[in-house]
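A.B. asks: Here it is: the structure, laid out below.
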Amino acid sequence: MHTYIEDIAAHEGAEVTLKGWLHNRRSSGKIHFLILRDGTGFIQAVMSKAAVGDEMFKAADHLSQETSVIVTGTARADTRAPGGYEIDVKTLEVVGESHDYPITPKEHGVDYLLDRRHLWIRNERQQAILRVRHEIINAVRDFFNTRGFILADTPIFTPAACEGTTTLFPAQYFEEQTAYLTQSGQLYNEANAMALGRVYCFGPTFRAEKSKTRRHLTEFWMVEPEMAYADLNDVMDLAEGLVVSVVERVLDKRRRELGVLERDTSKLEAVKPPFPRMSYDEAVKRLNEQGLSFEWGGDFGGPDETMLAQQFDRPMMVHHFPAAIKAFYMKPDPARPELALGVDVLAPEGYGEIIGGGERLADLDLLVARIREHHLPQEAFEWYVDLRRYGTVPHGGFGMGIERVVAWICGLEHVRETIPYPRMLYRLYP
Ligand code: 4AD
Ligand code: MG
């Protein structure tokens, strides 16, 4: 068995075998300093001519970046080493050579790197981001699994739109039909909640967004909980609990990665309940007070969200939006039907909306009217309307976009680094 770098501490003083890749090499006459990586970490392997003999020492002269190697040697504690340990090399075996690796330690442009994303992910920073992503996904699953929510998968091929007809990706479905890649599992989640009580789905979602912003992908992962017998307040409480739990978990388990990313963790430590909750009316007033000429009835753009969230050290919620700018399925406020019982959660530090959701329209006649007003094909929604025919109940839920959360928690400029292979307006390769 070989040893993984992350487990090296358990092998202090012992001979170990490491299997990985050469990340970097520095040589000084009689010693090679080899930085190895194996996916679990980085470690310096010190190869001295005296220990390995002339021949092996000479062979190591030419080792280039990303050569795959198997190294045996003794694990030694060293307080100056980044991981606390080094390896004194006894043998080194080359598994696969690597010539002219295209990503060198020098700076490369982002398009150059995205064209080589399949290699870029080997980079230390990119590995750290993907590890944080993994932790966030696990935290999300644990949160729901320990609170009585049942994972119920929703389809990716769907017959109709959920989040507006302008961002649908069509797919030829055999000879006769067009299917659309799902924008959200929500409608099926509602049916699942009527069967199982509390459910969630967690999968890829697709939006043909023509926007080239730092927050938009065309394929992104969304976790969506849905609860029967729940109102807008229940939805807001659940969203707050989830975000707090995810941030706590990353702070607890991924300090090292946050360190690699040079993330200011004090900003994450401030993410404690309660999150400020503000009506859309109030939010518009605040924007105007800040000197932004925002008119009631409009949807918030990136700068508006940034301005609103800047006033707080933790995520905030905006609720009771104008119904006209929200999806057909939102319940109108009985007291002011021009408002929808929807909520957005805005992340601090300018990261914008990470969660959207609310209470659903549970009334049969109102729902049918809304489907008509939105010019949606009624036949495709018959099954959804059935949920209001057979024992309708108040219910609600939300969707949280994983890539936006990863960008925020890691402190990244753009969502393109939050997923192994980002899909954007002009990017489908690799
Ligand atoms: O606000 P959205 O559109 O809400 C829904 O889709 C609801 N049906 C969810 C529900 O209630 N079950 O999207 C939810 C979240 C956003 O807050 C954002 O985090 C993310 O999905 N999101 C995107 N992330 C990356 N790229 C895009 N193009 C995204 N569009 C939405
Ligand atoms: Mg939204």
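The values are calculated or read from the model by the stated rules, or taken from the named source; none is laboratory data. All values derive from a computational prediction rather than experimental measurement. Don't worry about glycine lacking a Cβ; one is built from the backbone with ideal geometry, like all the others, and counts go over all protein chains shown. Just so you know, the surface numbers come from the protein's heavy atoms only, side chains and all, with ligands and any DNA or RNA stripped out. Shrake-Rupley method; radii C 1.70, N 1.55, O 1.52, S 1.80 Å.
A.B. asks: In the chain, if the dipole is taken from +1 on Lys/Arg beta carbons and -1 on Asp/Glu beta carbons about the Cα centre, which of 302, 101, 430 is farthest to the positive end?
C.D. replies: 101
A.B. asks: How much of residue 222 can a 1.4 Å solvent probe reach, expressed as accessible area in Å² and rounded to 10?
C.D. replies: The value for residue 222 is about 20 Å².
A.B. asks: Cut-off under 18 Å on the C-alpha distance; same-chain residues fewer than 8 positions from residue 19 excluded. Which aspartates and glutamates are left, in chain and number order?
C.D. replies: Hits, sequence-local ones excluded: 6, 7, 38, 66, 86, 88, 93, 97, 124.
A.B. asks: Given the options 246, 52, 69, which has the most mean-square fluctuation in a GNM of the chain, springs set between C-alpha atoms less than 10 angstrom apart?
C.D. replies: Maximum fluctuation in the GNM of the chain, among the listed residues, is at 52.
A.B. asks: So, for the chain, what is the accessible surface per residue at a probe of 1.4 Å, expressed in square angstrom? Please list the in-between numbers first.
C.D. replies: Details: 20350 Å² over 430 residues.
With the other protein chains kept in place, the chain gives 47 Å² per residue.
A.B. asks: Quick query: amide H of residue 27 versus all other amide H atoms, modeled in the peptide plane; which residues come in under 5 Å with a sequence gap of 5 or more or a different chain?
C.D. replies: Residues meeting the criterion, in which the H sits 1.01 Å from N, are 33.
A.B. asks: Could you give each residue of the stretch 274-284 its phi-based ³J(HN,Hα) in whole Hz, using Karplus coefficients 6.51, -1.76, 1.60 with θ = phi - 60°, and x for Gly or Pro?
C.D. replies: x, 7, x, 10, 9, 6, 4, 3, 4, 4, 4
A.B. asks: Residues with amide H under 5 Å of residue 67's amide H, sequence separation 5 or more or different chain, H placed in the peptide plane at 1.01 Å from N; which?
C.D. replies: Residues meeting the amide H criterion: 22, 98.
A.B. asks: What are the residues whose amide H is under 5 Å from the amide H of residue 353, where those residues sit 5 or more places off or on another chain and H is modelled from the backbone?
C.D. replies: Correct list: 347.
A.B. asks: Calculate one ³J(HN,Hα) per residue across the stretch 198-213 by plugging θ = phi - 60° into the Karplus curve 6.51 cos²θ - 1.76 cosθ + 1.60, and present them in order as whole Hz with x for glycine and proline.
C.D. replies: Computed from phi, the couplings for the stretch 198-213 are 10, 9, 8, 10, 8, x, x, 10, 9, 9, 7, 7, 7, 7, 9, 10 Hz.
A.B. asks: Ignoring any ligand, DNA or RNA, what whole percent of the accessible area of the chain comes from carbon and sulfur when the probe is 1.4 angstrom? Write down the numbers at each step before the final one.
C.D. replies: Working: 10440 of 20350 Å².
Taking all protein chains in place, the chain shows 51 percent carbon and sulfur surface.
A.B. asks: Using each residue's phi in the stretch 17-31, evaluate 6.51 cos²θ - 1.76 cosθ + 1.60 at θ = phi - 60° and report the 3J(HN,Hα) Karplus result to the nearest Hz, with x for Gly and Pro.
C.D. replies: 10, 10, 10, x, 9, 7, 8, 6, 9, 9, 10, 9, x, 9, 9
A.B. asks: Right, next: Compute the helix-to-body angle for 364-373: its Cα long axis versus the longest principal axis of the chain, expressed 0 to 90° and rounded to tens.
C.D. replies: Result, in degrees: 80.
A.B. asks: For helix 186-196, report the angle its Cα long axis makes with the longest principal axis of the Cα atoms of the chain; keep it between 0 and 90° and round to the nearest 10°.
C.D. replies: 80
A.B. asks: Between the alpha-carbon centers of the stretch 356-430 and the stretch 195-211, tell me the distance in whole angstrom.
C.D. replies: First find each Cα centre; the distance between them is then 6 Å.
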